[in-house]
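The numbers here are math on the coordinates, done by the rules we state, and not lab data. Values in this document were obtained by computation on a predicted structure and should not be read as measured data. Cβ placement follows ideal geometry from the backbone for every residue including glycine, while neighbour counts extend to all protein chains displayed.
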Amino acid sequence: MRLALIAVLALLTACSPKTETSTSDTPLPVETTTPQMAPEAAPEPQVDPTQLDLSRIALAMRIPSTFRAYDDGAVLQINVISPRLGVDIAQSFALETTEGYDSPFLASEAKDGFTIWTYATKPEDAERLAALSRELVRLKTEAPGENELTFGAIAPGCWNEPEETPGSLARTLYIRVQPETDFQVFVPEQVLTAGDIPGLESFWGACEP
């Protein structure tokens, strides 16, 4: 059985929770023990839904250091769909901005002039996330190969130095889907230009004093 795991992105976009995210069209393979490497591409996140603990998912974003993530962190959107079983779940979870990271991979991704912001689920959402994890196991058992799991998120932030706001900036997104594994590239570095993508306006907005 393969559960389609599709990344709904821009994973860490900006502004309000009403911001629409763009979509990655490539399903992410599941139930594999080692990442599959496409030619000249980063390995895609792998997940066995029976081992997935949604309460411990973590996200990260590398962006120029003058960008500042808001204290209230980000919002994670999880959708679970099983047409035959009539399941259509869409739930949102507030994420906390975390300081530092214990990740050899993120450490290897560090670049001068950039900061890596990390985001984690909140303890008070653990039971609701655990219920979703149990639902994934049920769907795998009862409707193998017919289910879809999608992630999306928004991460508000602002620009610390408005007098030096650039016309474009580079952003890389990461995800860790299982606590015993390291982060992986979720969306390779993108060069974003002001005005190109609705919902990213705050990336170029001045931070309040």
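Odds and ends about this structure:
- By the count of other C-beta atoms within 10 Å, a proxy for reagent exposure, Leu169, Leu85 are ordered fewest to most as Leu85, Leu169.
- Largest to smallest principal axis extent of the C-alpha atoms in segment 92-209, angstrom: 56, 32, 28
- Here the calculated FRET efficiency for Arg56 and Asn160, from their Cβ-Cβ distance with R0 = 25 Å, stands at 0.25, rounded to the nearest 0.05.
- Exposure proxy ranking for Tyr174, Tyr101, based on other Cβ atoms within 10 angstrom of each Cβ and starting from the fewest, stands as Tyr101, Tyr174.
- Length-normalised contact order of segment 67-209 in % [C-alpha pairs under 8 Å, at least 6 apart]: 28 percent
- Treating r as the C-beta distance of Asp102 and Glu142 and R0 as 45 Å, the FRET efficiency rounds to 0.75.
- Neighbour counts of other Cβ atoms within 10 Å put Glu109, Glu142 in the fewest-to-most order Glu142, Glu109.
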